[in-house]
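Scroll down for the structure; my scribbles are underneath it.
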Amino acid sequence: MNWDAFLFGSSAALALIGALFAVSLKNIFHNILGFALALVGVAGLFLTLGSDFLAIVLLLVYVGALGIAMVYAVMLSQPLDTPRTPRSLPKIAGSALLAALVAMALWLVIRRAHFPGPPEVLEVAPQWIGRRLLQDYVLAFELISVLLVVAMIGAVMVARRDPARRAPGTAAGTAPRPGAPR
Amino acid sequence: MSQLHWYLLVAVLLFCIGLYGLVQRRSLIAMLIALELMLAAISLNVVAITSLAGGDAESATGNVSSAGQVVAVILIGVAAAEGAIALSLFVAIQREVQSINVEDLSELKG
C-alpha cells in the first residue's frame, strides 16, 4: 500500500467519522468536537491534493476560529444539562432516507459525467493563489474583505445587549455590572 | 474508479451527512455545524475537480488548477462570515426567547 493511498484513506475516514459524530451525538459540545475532527480530515484531503495553503487556511478558519466561536455560542446560550425530548423515530428515518436519496442521485450523476484528465501544469503553490487573488479575482477578493468587515460589525451589533430594553430598575447606567470596579 | 471518483464519493457522503444533520437536528447550533459540513464538502469538490480533472479547461489567464483553490478560499471566507452572523443571531435569539430549539421559535401560526 503506497503512502498516498494511506494518507487519502485515513483523511477520508477521519472526515466521515467526524461528520457522523457532528450530526449524531446528543451533546452539542461533542458535536463541535466531531465537527473539528471532520475538518481536520478535510484538511488532510486537501493535503493529498497538493493544496497545502488551503489545508492551513481550513484549519485556521474552521477548526480555530469557527470552532471556538461555536463553543462560545454554546456557553452563552444553551445550558448543557437541560433535559431534551428524544427525536421521534419516523422523523429520524425520514431525514436519513432523504439524505440517502440525495446521495444516490448525486452519485448517479457523478458516474455518468465525463471528466477530462488532470491539467498539464498543476499550479498549487501559494504564490499562484496570491497572484490570482490580486489579479484575476481582485473584485471577489475586495468583496470578501468588505463582507467580512460587515459581518464582524453586524455580529457585534446583533449580539449586543440593548440597554433600552432592560427590565425597569436595572436601567442602563444605574446598576453596576457584576464584576465592574466600583 | 479513478482517483477523482474517490474524492467525489467522500464529498458526496460528507454533503449528505450534513444534509441529514440539517434536517434532523433541532438545536440551531447543531444545524449550523451541519451546514458548515456541507460547505466544506463543496469546497473539497471544487478543489478535487480542478486539480484532478481540469485538463482541457482554461480560465481567462491560463490553468484552472489554482483558480479552483481561489474559489475554495472565497468559499471559506463566506462560510466564516456566515458563521459569525449566525452565532451572534443565536445568542440574541436565546436572550429573547430563552431557547435555541427551532421548535420553540414558531411564532407565526398557520
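The values are calculated or read from the model by the stated rules, or taken from the named source; none is laboratory data. The model shown is predicted, which means the values in this text are computed figures rather than measured ones. Counting neighbours? That spans all protein chains shown, and the Cβs are built from the backbone with ideal geometry, glycine included.
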* To do: Report yes if some residue within the range A:34-42 is closer than 26 Å to B:S27 by Cβ, of a type outside the set (A, V, I, L, M), surrounded by 24 or more Cβ atoms within 10 Å (Cβ to Cβ) and within 7 Å of chain B (Cβ to nearest Cβ); otherwise report no.
  => yes
* Asked: Among A:S88, A:S95, which is the only one that is out of contact with any His (no Cβ under 7 Å at 6 or more places or on another chain) and modelled with pLDDT of 90 or more?
  -> A:S95
* Asked: Pairs under 9 Å by beta carbon, first residue assigned to a loop (DSSP other than H, G, I, E, B) in the range A:128-139, partner crowded, with 20+ Cβ neighbours inside 10 Å, six or more apart or different chains?
  -> A:D136/B:A67; A:D136/B:V70; A:Y137/B:A67; A:Y137/B:V70
* Which one of A:K91, A:K26 is facing chain B (nearest Cβ under 9 Å) and under 18 Å from B:L28 (Cβ atoms)? -> A:K91
* Asked: From the list A:V102, A:V40, which one is hydrophobic (A, V, I, L, M, F, W, C), within 15 Å of B:F15 (Cα to Cα) and not assigned by TED's automatic domain parsing to the domain that holds A:A155?
  -> A:V102
* **Qualifying residues in the range B:19-35 (those that are more than 7 Å from every other protein chain (Cβ to nearest Cβ) and part of a helix (DSSP H, G or I)) - the one nearest to A:G117 (Cα to Cα)** => B:L35
* **Output for the range A:86-138, where each listed residue is among the hydroxyl-bearing types (S, T, Y) and within 30 Å of A:V23 (Cβ to Cβ)** => A:S88, A:S95
* Asked: Mind checking whether some residue in the range A:11-20 is at pLDDT below 90 and either on the phi > 0 side of the Ramachandran plot or in contact with a Ser or Thr (Cβ under 9 Å, 6 or more places away or on another chain) (or both)?
  -> no
* Number of positions in the range A:43-66 that are buried (at least 16 other Cβ atoms within 10 Å of the Cβ) and farther than 24 Å from B:V12 by Cβ -> 1
